[in-house]
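Presented below is the structure to which this report refers.
The numbers here are math on the coordinates, done by the rules we state, and not lab data. Since we're looking at a predicted model, the values are computed, not measured. Glycine gets a Cβ as well: all are built from the backbone with ideal geometry, and neighbour counts include every protein chain shown.
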């Protein structure tokens, strides 16, 4: 508040005189002018929330709070991680996570493998002779893009 008053009176009085009358250092005043006032640098909660929502929509909801902080700072907006976390938590803004494929089979092993007794001959001579099941699966590298038709 003191530095803001000095800034207003700079046109009428010398900076050194104003600082000595108010008993503040000139270097402190210079530091304040380089830094700017809190009103100019800190965004309000509503402004910060609007920016977070905008970035969240632009990036299709993939950023959590750590990446959101980096995105805000990349746009030269001062943001702290606790503040961004709190705003995102209070307003239900969450990152969408990709579902990872779970590997269910390990084919590279030295264990014994059951012999193929049918050898693709699936025409039984009588009922209840052959029982089968299907364990079809695909590894992530075998997946093909969906066919839309």
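Restricted to region 39-115, the set of helices (runs of 4 or more DSSP H) holding at least 3 residues that are under 30 Å from residue 136 (Cα atoms) and without any contact (Cβ under 8 Å) to a residue 60 or more places away in the chain is empty.
Can we say residue 45 is over 15 Å from the mean Cα position of the chain (by Cα) and at positive phi? Lay out the reasoning, then the answer.
On the way: over 15 Å from the mean Cα position of the chain (by Cα): yes; at positive phi: no.
Criteria not met by residue 45.
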